[in-house]
Amino acid sequence: MSEFTPYPAAGTGAPAPLLQLRGVNKSFGVVHVLHDVDFAVYPGQVTALVGDNGAGKSTLVKVIAGIYGRDSGDYLFEGRPVAVHGPRDVAALGIEVVYQDLALCDNLDIVENMFLGRELRKGVTLDDVAMEERARETLASLSVRTVKSVRQSVASLSGGQRQTVAIAKAVLWNSRIVLLDEPTAALGVAQTRQVLDLVRRLADRGLGVVLISHNMNDVLEVADRITALYLGRVAADVPAKDVTHNQVVELITAGRSGELGIKDVASATI
Amino acid sequence: MSIKSDSRTEEFEYAAGGFSGDNHQAASLGDAVRDYVNRIRGGDMGSLPALLGLAVLFTVFAFAHDRFLSTYNLANLVVQAGSICVLAMGLVFVLLLGEIDLSAGVAGGASATITALSIVDNGWPWWAATLAGIAVGALIGLVIGMLVALLGIPSFVVTLAFFLALQAVPLKLIGSGGSIRVSDEVIRGLSIKNVPVAAGWIVAVAIVVGFAGLSLWKHRTRVAKGLVHKPLSLVLIQIAVLSVIVLGLTALLSENRAVNPAVFDISGVPWVAPVVIALLLFWTFVLTRTRFGRHLYAIGGNAEAARRAGIKVKRLKIAAFVICSGMAAVSGILAASYSGKVSPGSGGGNELLYAVGAAVIGGTSLFGGRGRAIDAVVGGLVIATIPNGLGLLNQASYINYLVTGGVLLLAASVDAISRRRRSAAGV
């Protein structure tokens with residue numbers, strides 16, 4: 001696995017990856033969590049990151065987000081190696097993470113939440129008019145119609161609407177890549193539908209989207225590529241249309257499925 | 001942003017049509033009233049309990065004692081409420097974060113001691129002495145804030161320790177049983193002197209015109225840009241209500257209220273009122289119009305979310321305690337101005353509970369994330385009315401304790417119940 005072949009192979013005219021991790025290793029003390037992980041995010045595509053509990057999904061996301069450092073390996077943005085020393089460096093690149101526990105303030109309204117920590121100002125005062133205009137524009141461009149008013153407090157929103165606000169917050173800053181951690185985990189059928197549509201629209205706008213999910217139906221429906229992790233290793237990195245539901249489940253649970261997956265599963269240990 | 005086929009104007013129309021509730025809200029006064037009723041039923045009551053409480057207390061005391069509604073007593077009430085309002089305004093900052101400061105009252109007492117001693121012993125001018133007192137208050141707040149934010153000790157424990165320890169300051173500096181007279185013209189004058197009638201009217205009219213201008217300007221901008229806005233009729237009603245209150249109070253306080261009007265002339269707004277109003281305007285601006293204020297609400301709502309948004313939670317926590325204790329110092333000096341002296345017991349009695357009660361009854365939540373500077377002022381008036389009215393009725397002081405304790409408990413219950421309703425209704 002040491003030599004990385006970007007997908008699609010170079011020279012095919014397909015888009016180059018926006019974000020690329022090469023040969024990333026990460027250990028916590030004696031526990032080796034990530035083994036030579038290669039991961040790529042392409043513009044305009046939804047890349048699903050799947051794996052069982054403890055496969056290293058969260059660790060990989062936190063490495064991408066700059067919360068954890070790397071023990072070894074390269075972090076490339078638009079083909080260039082970048083130095084990442086913390087979450088701020090990552091945000092500066094235009095990479096936003098929407099965490100599972102949405103990090104919204106219930107007592108603030110939608111506009112206030114979307115601009116939290118990055119409020120627009122006129123002199124020393126907050127520029128509420130400009131913020132409301134931009135929030136409306138962003139929500140409308142994502143075709144969000146389920147919200148009654150942008151001045152509604154977030155406490156009054158449903159789970160799907162909250163997820164929508166959290167995603168819109170990430171998109172507001174002209175971000176290039178959005179990582180979504182289990183965005184549909186706590187949602188009902190209709191709300192899951194809304195959020196998946198939104199995920200698709202983000203990719204259609206040219207963003208690189210990473211979807212971390214346990215739900216195979218969601219993944220196969222919305223993803224363009226699937227990266228499966230097994231015990232901290234990349235078991236497969238394949239186009240979603242080339243694999244079946246069963247194959248993905250096998251990759252997650254056993255690390256291989258027929259020709260796909262880790263060749264020598266028996267030696268793969270944590 | 002690459003795939004965006006529709007033109008910009010279309011997108012704006014789409015945006016305007018996308019949020020049905022925004023247009024609905026703007027529709028009419030009837031809708032605004034309905035929205036308000038829904039908010040109250042959902043548990044978002046704001047200052048309503050305080051206003052109801054004020055109405056009840058005024059009715060009861062007006063019937064019980066014929067002099068309660070006299071302009072003389074009204075002016076007295078304003079002066080008595082001053083220090084409670086200021087203390088409560090400071091506490092709002094700490095309560096917003098879901099913390100508590102039990103030491104604010106005695107911090108005010110200790111600061112007022114420093115101010116009084118600076119004048120009496122060192123002959124400092126009033127402004128230098130006042131600044132010294134506020135600096136001492138701010139320093140106390142800094143230490144408390146650092147212990148809470150950096151060491152992570154619960155604020156309840158830290159400030160309880162300070163409540164006990166700070167009582168030593170005036171006791172050591174003044175000596176038990178003693179007191180320092182505060183006879184400085186300006187400081188004592190805050191309570192016993194009045195703004196000249198003409199100046200009072202000018203300020204009152206300026207406040208009304210300023211409020212009307214700002215509200216109408218804001219309304220026009222928001223309508224022009226197609227943003228969420230209140231109906232014009234509601235804006236006009238708000239302006240009218242404020243005008244009646246401000247101009248009405250000014251008119252009442254501008255009458256000669258001396259017991260023997262032929263001989264003495266006591267008229268005009270007591271100087272305390274403009275001080276409280278200036279602080280109210282300043283802190284309202286800070287809380288609603290600055291990034292600092294917005295971040296305080298965010299921390300009170302969800303500290304983890306605030307931290308992830310890059311807000312320096314610890315630094316803001318310390319700042320809140322500094323503001324609280326600094327305002328406590330101002331309150332302590334106002335209390336000294338009212339009583340004309342500082343004694344070892346200053347600030348150690350009911351003051352703090354009065355102030356917490358004032359903030360909470362005004363609509364500030366003990367659970368954090370909700371509260372305004374005006375809550376403290378409205379609540380402060382309610383709380384000050386109780387000892388004022390009971391005092392007129394010559395009731396034994398145990399009744400005062402019972403009633404005040406009861407009101408605090410009632411306010412906290414209203415807070416807890418409305419919070420439950422809020423989380424059920426999701427307002």
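Any read-out appearing in this document is the output of simple, stated calculations on the displayed coordinates, not a laboratory observation. Since this is a predicted model, take the numbers as computed values, not measurements. In this analysis, Cβ positions are derived from the backbone assuming ideal geometry, glycine residues included, and neighbour counts consider all displayed protein chains.
A compact table of results
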read-out: The stretch A:102-174 - charge dipole about Cα centre, Lys and Arg +1 at Cβ, Asp and Glu -1, debye rounded to 20; value: 180
read-out: Cα gyration tensor shape of the stretch B:59-168, rounded if a/c is under 1.5, else prolate or oblate by comparing a/b with b/c; value: oblate
read-out: Prolate/oblate/rounded label for the stretch A:102-174 (Cα gyration tensor, a/c 1.5); value: prolate
read-out: Cβ neighbours within 10 Å from other chains - mean over B:309-317; value: 2
read-out: Distance between the stretch A:196-270 and the stretch B:399-415 - C-alpha centres, whole angstrom; value: 60
read-out: Inter-probe distance in nm under a simple model that places probes 7 Å from Cα toward Cβ, at residue B:220 and residue B:278; value: 3.0
read-out: Taking the C-alpha atoms of chain A, convex hull volume expressed per residue in Å³; value: 142
read-out: Estimated FRET transfer efficiency (residue A:253, residue B:33; beta-carbon r; R0 56 Å; 0.05); value: 0.40
read-out: Proximal aspartates and glutamates relative to residue B:230, as straight alpha-carbon distance under 13 Å, when same-chain residues fewer than 8 apart are discounted; value: B:22, B:31, B:35
read-out: Taking B:47, B:176, B:339 and counting other C-beta atoms within 10 Å, the order from fewest to most; value: B:176, B:339, B:47
read-out: Residue order, fewest to most beta carbons within 10 Å, for B:314, A:57; value: B:314, A:57
read-out: Shielding by other protein chains, A:125-136, mean Cβ within 10 Å; value: 4
read-out: In order through the stretch A:39-45: 3J(HN,Hα) via Karplus (6.51 cos²θ - 1.76 cosθ + 1.60), integer Hz, x for Gly, Pro; value: 8, 9, 10, 9, x, x, 10
read-out: Helix axis angle, B:232-254 relative to chain B longest principal axis, alpha carbon, degrees; value: 10
read-out: Förster radius 41 Å - calculated FRET efficiency between residue B:63 and residue B:206 (Cβ-Cβ, nearest 0.05); value: 0.70
read-out: Test item: B:217-228 mean partner chain Cβ contacts at 10 Å; value: 3
read-out: Computed lengthening from residue B:198 to residue B:416, 0.36 nm per intervening residue step minus Cα-Cα distance; value: 74.0 nm
read-out: Furthest towards positive pole of dipole, B:84, B:73, B:323, structure part chain B, Cβ charges; value: B:323
read-out: In nm, spacing of pseudo-spin labels at residue B:40 and residue B:402 (7 Å Cα→C-beta vector); value: 3.1
read-out: Simple label model, 7 Å out from Cα along Cβ direction - residue B:290 to residue A:242, nm; value: 5.8
read-out: Burial ordering of A:49, B:216, B:150, B:390, fewest other beta-carbon atoms within 10 Å first; value: B:150, B:216, B:390, A:49
read-out: Rounded tilt (10° steps) of A:159-171 against the dominant C-alpha axis of chain A; value: 90
read-out: When each of A:57/B:314; B:172/B:193; B:172/B:341 is checked by Cα-Cα distance, pairs over 20 Å; value: A:57/B:314; B:172/B:193
